[in-house]
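Since the structure comes first, as structure tokens, the remarks are kept for the end.
The values are calculated or read from the model by the stated rules, or taken from the named source; none is laboratory data. Small disclaimer: the values here were computed from a predicted structure and weren't measured. In this analysis, Cβ positions are derived from the backbone assuming ideal geometry, glycine residues included, and neighbour counts consider all displayed protein chains. Please note that ligands, DNA and RNA were not included when accessible areas were found on the heavy atoms of the full protein model with its side chains. Shrake-Rupley method; radii C 1.70, N 1.55, O 1.52, S 1.80 Å.
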Amino acid sequence: MNLDQMKKIVDGAPDGASHYSILTNHYYKYDDFYGMWEEYWDIQNAPMWQRVFSMSQEGKLEKISYLRTELAKREPMDLRAVDIPHGTIVLEK
């Protein structure tokens, strides 16, 4: 998965989403109370979570937290000049 795909998935994630399926292009979250997966649907601007009773693609879900971590590793750092007691160090991108 490339950087742009990861950004698109992370930016489009609805509140509460913990996983993303590349096969179905849907977001998922696990409901601990019921012990079931829920799938996110945005039908005619009426977003909702719907329980999934049969989860055959559980092993094919990408964790959104993992994608966020990978994006953080790859994005350039915001560097600036830093004053230290014996001089100044200028960090450049």
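One table, with the values for the structure above:
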read-out	value
Solvent-accessible area per residue, Å², over the stretch 1-48 with all protein chains present [probe radius 1.4 Å]	68 Å²
Ranked packing of 8-20, 34-46, most packed first, by mean Cβ within 10 Å	8-20, 34-46
